[in-house]
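Have a look at this one before I ask anything.
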Amino acid sequence: MKSGTLEDTAPDVEKLVERVRPSVRRESPYVVGAPPEADVKLNQNESPYDLPPALKEEVAERVQEIPLNRYPAEQPERLRARLAERLDLDPAGVIVGNGSNELTYTMGQALMTSGDAVVLPRPMFALYAKVARMNGADLTEVPPREDLTFDTGALVEAIEREQPALVILASPNNPTGRAMPLSEIRAVVEAAPGFVVVDEAYVEFGEEESARTLIGEHPGVILLRTFSKAYGLAGLRVGFLAMRPALGHELMKARLPFMTSRLSEEVALAVLEREDLMSERIAALREATRHLRDGLRAMDGVEVVSSQSNFMLFKPAVENAPALLEHLAEEESVLVRDMSGYPSLEGYLRVCAGTPDENKAFLAALKRAL
Ligand SMILES: Cc1ncc(COP(=O)(O)O)c(C=O)c1O
């Protein structure tokens with residue numbers, strides 16, 4: 001039968017669809033909802049900088065040596081050891097995944113059982129609430145302070161009341177760009193009876209100290225990091241978790257094996273050898289974010305949320321922010337992201353730092369549109 005003739009509304013198909021786990025059926029697929037190409041693409045918190053051609057060539061040479069007919073190891077052991085060394089941890093406490101999102105699913109499998117309490121601040125990277133819901137968690141979401149920072153006092157109260165199996169904090173947080181001081185993360189960790197995941201996907205851009213030190217203070221702390229942002233490898237898909245080795249051994253039982261390809265391991269290792277280049281780029285992106293902030297602040301009626309990340313959340317003084325976003329995409333070929341779907345963020349848009357030219361083009365396009 002040709003696929004075009006398959007009848008999705010047939011009663012037997014509908015019945016089958018109803019048998020998909022209800023906690024999954026209630027969710028929506030992840031959709032970026034923008035054309036993949038544009039002159040100025042600032043909608044996915046990516047780095048605007050690809051690897052330099054010379055480094056790509058070097059990697060391509062290394063790739064010549066890789067037997068692609070062979071499975072990789074369950075874990076990319078050289079990369080794992082290198083990351084463990086950088087964090088001064090036992091390699092057994094590091095788990096590398098095919099992007100950090102993939103590891104969030106592993107944590108969903110390993111760290112919660114249906115009916116468990118999970119406490120999350122909001123607004124926060126939406127995947128966490130989704131994974132908690134899909135695993136049947138009893139979810140408590142704690143609203144932010146007025147300045148969109150996480151309300152640590154309210155979080156501690158919720159933790160004391162709910163006794164959650166899991167708490168997740170993103171710092172710096174997406175989509176707000178706000179970060180938690182280490183003392184506030186510590187207060188949450190000290191109140192929590194179970195696991196506390198600290199998502200540090202954007203930590204390289206911020207000024208707050210990493211929560212790495214808390215792994216030594218509390219056995220349930222897990223850091224989540226990624227190569228997708230400061231290291232500019234979103235297309236490669238490499239992220240990792242860092243924790244105590246005893247916990248690493250348990251999470252490895254929930255892992256799908258072979259999720260980091262031999263190619264990914266090689267590229268990630270090559271990038272870690274170029275710390276100089278990475279630091280330069282991080283500095284450029286911090287500068288670019290400041291430039292965006294100043295440019296946005298200079299526009300009439302635009303509210304800007306101060307950010308410790310490579311992106312800015314802002315609220316233009318327009319009735320319909322999604323329409324403005326559409327106008328920027330269609331008329332100016334500039335992509336930014338609509339954040340209206342998050343509670344407390346109605347009317348907000350998010351723009352990430354691009355190259356100096358891209359940032360200028362975005363600011364000019366927004367000015368014209370306003
Ligand atoms: C807060 C946060 N955590 C994790 C990720 C996922 O990163 P990746 O799966 O590319 O490692 C993102 C990506 O946007 C993010 O914003």
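Would you be able to tell me the number of residues in the range 237-258 that are outside any helix (DSSP H, G or I) and at pLDDT 95 or above?
First, the residues of the range 237-258 that are outside any helix (DSSP H, G or I): 237-244, 255-258.
When the remaining residues are screened for being at pLDDT 95 or above, the result is 237-244.
Matching residues across the range 237-258 total 8.
Quick one: in the range 127-171, which of the residues that are in a strand (DSSP E or B) and not hydrophobic (A, V, I, L, M, F, W, C) is nearest to the chain's Cα centre (by Cα)? Steps first, answer last, please.
Narrowing the range 127-171 to residues in a strand (DSSP E or B): 138-142, 166-170.
From the residues that got through so far, the ones that are not hydrophobic (A, V, I, L, M, F, W, C) too are 138, 140-141.
Working: 138: 23, 140: 20, 141: 18 Å.
Across the range 127-171, the extreme among qualifying residues is 141.
Of all the residues that make up the range 34-60, how many are assigned to a loop (DSSP other than H, G, I, E, B) and touching a residue at least 60 places away in the same chain (Cβ under 8 Å)?
Kept after step one, since they are assigned to a loop (DSSP other than H, G, I, E, B), are these residues of the range 34-60: 34-39, 42-52.
Among the residues that remain, those that are also touching a residue at least 60 places away in the same chain (Cβ under 8 Å) are: 34-35, 38-39, 42-52.
Residues meeting the conditions: 15.
Right, something else. Considering only residues that are surrounded by fewer than 22 Cβ atoms within 10 Å (Cβ to Cβ), of a type outside the set (D, E, K, R) and within 16 Å of the ligand (Cβ to nearest atom), which ones fall in the range 206-229?
Those that are surrounded by fewer than 22 Cβ atoms within 10 Å (Cβ to Cβ), of a type outside the set (D, E, K, R) and within 16 Å of the ligand (Cβ to nearest atom): 206, 210.
Could you list, in sequence order, all residues of the range 179-196 that are buried (at least 21 other Cβ atoms within 10 Å of the Cβ) and assigned to a loop (DSSP other than H, G, I, E, B)?
Correct list: 179, 180, 192.
Okay, next question. Of everything in the range 165-181 that's within 23 Å of residue 111 (Cα to Cα) and of a type in the set (Val, Ile, Thr), which residue is farthest from the ligand (Cβ to nearest atom)?
It comes out as 167.
Regarding the range 197-204, can at least one residue be identified that is farther than 30 Å from residue 340 by Cβ and surrounded by fewer than 23 Cβ atoms within 10 Å (Cβ to Cβ)?
No, because not a single residue in the range 197-204 is farther than 30 Å from residue 340 by Cβ and surrounded by fewer than 23 Cβ atoms within 10 Å (Cβ to Cβ).
Now for a separate question. Against the definition (in contact (Cβ under 8 Å) with a residue 12 or more places away in the chain and not in a loop (DSSP other than H, G, I, E, B)), how does residue 176 come out, yes or no? Full working, then the answer.
Details: in contact (Cβ under 8 Å) with a residue 12 or more places away in the chain: yes; not in a loop (DSSP other than H, G, I, E, B): no.
The answer is no for residue 176.
A quick yes/no check of all residues on (1) within 16 Å of the ligand (Cβ to nearest atom); (2) in contact with an Asp or Glu (Cβ under 7 Å, 6 or more places away or on another chain):
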{"site": "242", "(1), (2)": "yes, no"}
{"site": "250", "(1), (2)": "no, no"}
{"site": "258", "(1), (2)": "no, yes"}
{"site": "264", "(1), (2)": "yes, no"}
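Let me ask something else. Could you check, for the range 304-313, whether at least one of its residues is of a type in the set (S, T, N, Q), touching a helix residue (DSSP H, G or I) at 6+ places or on another chain (Cβ under 8 Å) and surrounded by fewer than 19 Cβ atoms within 10 Å (Cβ to Cβ)? Can you show your working first?
Taking the range 304-313 first, the residues of a type in the set (S, T, N, Q) are 306-310.
When the remaining residues are screened for being touching a helix residue (DSSP H, G or I) at 6+ places or on another chain (Cβ under 8 Å), the result is 306-310.
Filter again for surrounded by fewer than 19 Cβ atoms within 10 Å (Cβ to Cβ), leaving 306.
Looking through the range 304-313, at least one residue is of a type in the set (S, T, N, Q), touching a helix residue (DSSP H, G or I) at 6+ places or on another chain (Cβ under 8 Å) and surrounded by fewer than 19 Cβ atoms within 10 Å (Cβ to Cβ).
Do we have any residue at all in the range 61-69 that's assigned to a loop (DSSP other than H, G, I, E, B) and under 30 Å from residue 141 (Cβ atoms)?
Scanning the range 61-69, I find no residue that is assigned to a loop (DSSP other than H, G, I, E, B) and under 30 Å from residue 141 (Cβ atoms), so the answer is no.
The values are calculated or read from the model by the stated rules, or taken from the named source; none is laboratory data. Being a predicted model, the structure only gives us computed values, none of them experimental. When we count neighbours, we look across all protein chains shown, and the Cβ atoms used for this are built from the backbone with ideal geometry, even at glycine.
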